[in-house]
Every structure is written in C-alpha cells, then in structure tokens.
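The values are calculated or read from the model by the stated rules, or taken from the named source; none is laboratory data. These numbers were taken from a predicted model, which means no experiment stands behind them. All Cβ positions, glycine included, derive from the backbone under ideal geometry; neighbour counts span all protein chains shown.
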C-alpha cells in the first residue's frame, strides 16, 4: 500500500514498495530509489473514458508512478490536503487533484451551470473507492461540514472539492445593480444541501461570477 | 553568526563590528542599531578577478555589504527563505536565489558542465539555470530563497536522489550531479509523463527541493 506523508504543507511524500500511484503529470519534484513515470489518460479509463474526455474537456493529464522508494510531489507551491475515502465519492476539479492511490477510480461528472460560473467547464472529476487522495488548494483549505439542518453556501471561486451525499445548486443574485457595475461582487454562489464535507480555499479563482 | 528565522519569509542576521554580511541588493526589510548598507561593486568576495569571473559566468546578482553593530532583517518578493549553517562544506546555489550570507564564507563560481559532460551543459538549458552556479564554502550561515518552501532530502551512499530540474534549489556536501534523460518516443510525440529530465545527485550531502516547479 502506498503510504502518504505530508512534508510540511506543500510537499507530499509517497512511500512505494513496488506499487503505483496516479499523479498529476509533471508533479514529481524528487525521488529516491527506483521510479518509473508513465503517461496515462485521465477522465476515466477505456473507450467510455476516451469519449467523455473528448466531449467534456476535463482531460486531466495523469501519470502512473511505480517503483520502490519515496517519491515527492508538489505543484506550484499550493497547499496539499489528504482525503481518505472509505467507499465514498470525492468531487474535485481536475486541476486540483494531485495524487490518488491505484485503488481509487477516477471519472467525470456533469456539473451543470456551476462549472461555467467557476470558469472550470461543465464537468468535474470524481474519485471513487477506498484509499487516499491528495488534493491541492490555494492556501490552506478549511473543511466545512454540511448537514440536513445546516446547508452551506460557498463562493464558486473558493470551492475546491466535496465529499458525501451533497446536492449542489448554483444560486444567482444578479440584479440591476450588477448590470450597472454596482454589485456586491457575490452574484453567484454555490449552495450545498445534504450530508457531507466541502473543502474551501482562502483564495478566489478568477471566475465569471467574480467579475459581476 | 547564524541567521534567525522570524517567519518563513523573513530572516534576521546579527551584525557584529568587524564582520561583514552580504545580501542581495534591496533585500533589507528592517534593521536595528547602527547598520550601514553599501553596494558591493565587486559583487561579493574575492576582489576584482572573482568579480570578472562572476560577470562572465552570469552569476553576478547585485549584492550589498552590511556592516555595523545591530541586526538586519531580510526578505525578498514574499519568497520562502531557508537558512543553512555551513560547517566547512560547500553549498551550491544559483546566485539569484541567494538572499544573504556571512562574509566569512568563500564565494566562488563553478562550471556545472564539468560534471556530467554534455549532459552538464544541457542541464543549464533544461533547468533554465545557467551553466554556472555559485558556491559558498567555509563556516557560516547562508539564507536562500525558494518558491513555496523547501524539503531537505539526505543524499547517502545507499542510493542517489533524483530531483526535477525545475524544483531543484541548492545542494551541499560532497555531491555529484548528473542530468539523466528518460526521453522515449512518447516524449517526442508529446505524450510523455512530464518527467523527461531528472537531476541525479549522488554522494554524501543534502539537496534542497522546493514545493514548486516555478523559477523565482
């Protein structure tokens, strides 16, 4: 089993003993021991994966890292968060997914209008199964719990990932003020309902919603 | 005189009469006591000949001399700063990553092409770093910059450490470095893993790797 260890908050060390992990293309910064790097195709495996990749544009460039030793991963000095999945499903933008254990399956889901407002496209990557995944955030992410009594509203630009049985819905507050450029800058919001966890970063990507 | 870390992006250097500290020009953030900052025309240690060497090698980042009595705080561009206390060994670091160092250290430049032959020459091209690197040897402290903090990986006789050339920051000790290529036809048709080149460091020492593949 691959062992994930955080070295500080921005470097992930993965101990491998002949097994493999899937990682974002080019995210290796160092290794000791013997490692091989093989390009893979993201967005799901097989013919169905190929078709969805073509259609969705959620074409994550992934590589398989296999070997004996320790491999270190980092990407643009972003903070790394470890997520343990026990049969659940993680929704994350492809650009925020750093490393996953081989036991986890990755795929693509339709997110509707939400993606468009985030500037991330209409599709998002899903990670499913049992094992560990490392996701990235711009600044240390906070994990917010959503329960039936307490729905959560997040800025689309600050949303990173979520797990659990959550329904998400884009809500708009575009009024005449927005149109004349006097809006609050919070015209689009993501509303989560159900039971689960949402990862929120202390930074906002440039989104269509952010400009309104 | 060891540098004191104030936080991840600021260090404080004690300034003692009779001892010089060199720092990248303009990197002073604050100081206490009576401290004078003068541009170092020769760009550091070793007089005019060393200066010419550094100019030729393109390792001549503008430096200033810090003298007096008190302490000075340094930082630059919000980059993460790492401090190293040398006890006789040599530190290899790019000149533009150097923030400050003790005047007691011997400064030099090294032609990286001399290690690893042709691949040594290619190394500079691949990493975006020059063919030369700055060396600091002796006893004293050095503060250098990295994008997003560094991890220190030990290099031991048991096996080499491989580093992404873009994430490589500095190394110290008795270390040989060699650029290795994993170029296959996949890389040529643009379907590579993105890890086509690696720096292989072997020997005894430490390599500093930053959490990013971006230059400063």
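Listed by first and then second residue, the pairs linking a residue in the range B:153-175 that is facing another protein chain (nearest Cβ under 7 Å) to a residue that is assigned to a loop (DSSP other than H, G, I, E, B) and surrounded by fewer than 23 Cβ atoms within 10 Å (Cβ to Cβ), with Cβ atoms under 7 Å apart and 6 or more places separating them unless they lie on different chains, are B:164/B:213; B:167/B:213. Restricting A:172, A:124 to residues that are surrounded by fewer than 19 Cβ atoms within 10 Å (Cβ to Cβ) and at pLDDT below 90 narrows the list to A:172. For residue B:192, state whether it is surrounded by fewer than 19 Cβ atoms within 10 Å (Cβ to Cβ), farther than 27 Å from residue A:139 by Cβ, at pLDDT below 90 and facing chain A (nearest Cβ under 10 Å). It is false that residue B:192 is surrounded by fewer than 19 Cβ atoms within 10 Å (Cβ to Cβ), farther than 27 Å from residue A:139 by Cβ, at pLDDT below 90 and facing chain A (nearest Cβ under 10 Å).
Here are some residues: B:180, B:133. Which one is in a strand (DSSP E or B), closer than 25 Å to residue A:98 by Cβ and at pLDDT below 90? Steps first, please.
On the way: B:133 fails: closer than 25 Å to residue A:98 by Cβ.
Of B:180, B:133, the one residue that is in a strand (DSSP E or B), closer than 25 Å to residue A:98 by Cβ and at pLDDT below 90 is B:180.
Can you name the residue in the range A:1-20 that is more than 7 Å from every other protein chain (Cβ to nearest Cβ) and not in a strand (DSSP E or B) and, of all such residues, is surrounded by the fewest Cβ atoms within 10 Å (Cβ to Cβ)? Ranking the candidates gives A:1 first. For the range A:187-212, which positions are surrounded by 14 or more Cβ atoms within 10 Å (Cβ to Cβ) and either modelled with pLDDT under 80 or touching a helix residue (DSSP H, G or I) at 6+ places or on another chain (Cβ under 7 Å) (or both)? Within the range A:187-212, A:187, A:188, A:190, A:204, A:205, A:207, A:208, A:209, A:210, A:212 meet the criteria.
Filtering B:70, B:33, B:44 for residues that are modelled with pLDDT under 95 and part of a loop (DSSP other than H, G, I, E, B) leaves a single hit, B:44.
Within the set A:87, A:115, the sole residue that is at pLDDT 90 or above and either over 27 Å from residue B:150 (Cα atoms) or within 14 Å of chain B (Cβ to nearest Cβ) (or both) turns out to be A:87. Inside the range A:21-36, residues that are surrounded by 17 or more Cβ atoms within 10 Å (Cβ to Cβ), within 12 Å of chain B (Cβ to nearest Cβ) and part of a strand (DSSP E or B) make up a count of 10.
Annotation for the range A:38-54: at least one member residue is facing chain B (nearest Cβ under 8 Å) and either at pLDDT below 90 or not in a strand (DSSP E or B) (or both).
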